[in-house]
Amino acid sequence: MSETYEPMTKLRIIEDEPDNRLLELAQIPKADFIITGNTNDFTMENYKGTKIVTPKEYWEEHNSVISTIGNTVYEPLLGLC
């Protein structure tokens, strides 16, 4: 099952225009995280409750959330990638 989201607002916060789409889309499902290595454009720590972190920051803060079930690694969906 999947859902499709269409932004209701057009943001102009980040200079690199396409990156604004991630902020717009993160608002709709109230995403917990945007995980990005683009620290040049995503300079803020959060946007309207969505934390913006690098993959390393996410891993260091949330690796305890990852658990194994049998031989399967399970990680709850916590945000946008």
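The values are calculated or read from the model by the stated rules, or taken from the named source; none is laboratory data. As the structure is a prediction and not an experimental result, all values here were calculated from the model. Don't worry about glycine lacking a Cβ; one is built from the backbone with ideal geometry, like all the others, and counts go over all protein chains shown. Note: accessible area is taken over every heavy atom of the protein model, side chains too, but ligands, DNA and RNA are not part of it. Shrake-Rupley method; radii C 1.70, N 1.55, O 1.52, S 1.80 Å.
Tell me yes or no: at least one residue of segment 44-51 is at pLDDT 75 or above, of a type in the set (D, E, K, R), open to solvent by less than 90 Å² (accessible area, probe 1.4 Å) and more than 14 Å from the chain's Cα centre (by Cα). Before the answer, list the steps.
Restricting attention to segment 44-51, the residues satisfying the condition of being at pLDDT 75 or above are 44-51.
Among the residues that remain, those that are also of a type in the set (D, E, K, R) are: 45, 48, 51.
Next cut, open to solvent by less than 90 Å² (accessible area, probe 1.4 Å) only: 51.
With the extra rule that they be more than 14 Å from the chain's Cα centre (by Cα), the set shrinks to none.
No, the conditions are met nowhere in segment 44-51.
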Out of all the residues in segment 7-35, which are touching a Cys at 6+ places or on another chain (Cβ under 8 Å) and among the hydroxyl-bearing types (Ser, Thr, Tyr)?
none
Name the pairs whose Cβ atoms lie under 7 Å apart, with the first residue in segment 30-43 and on the phi < 0 side of the Ramachandran plot and charged (D, E, K, R), the second open to solvent by less than 40 Å² (accessible area, probe 1.4 Å) and assigned to a loop (DSSP other than H, G, I, E, B), and 6 or more positions between them or separate chains?
Asp32/Gly79; Asp41/Ile14
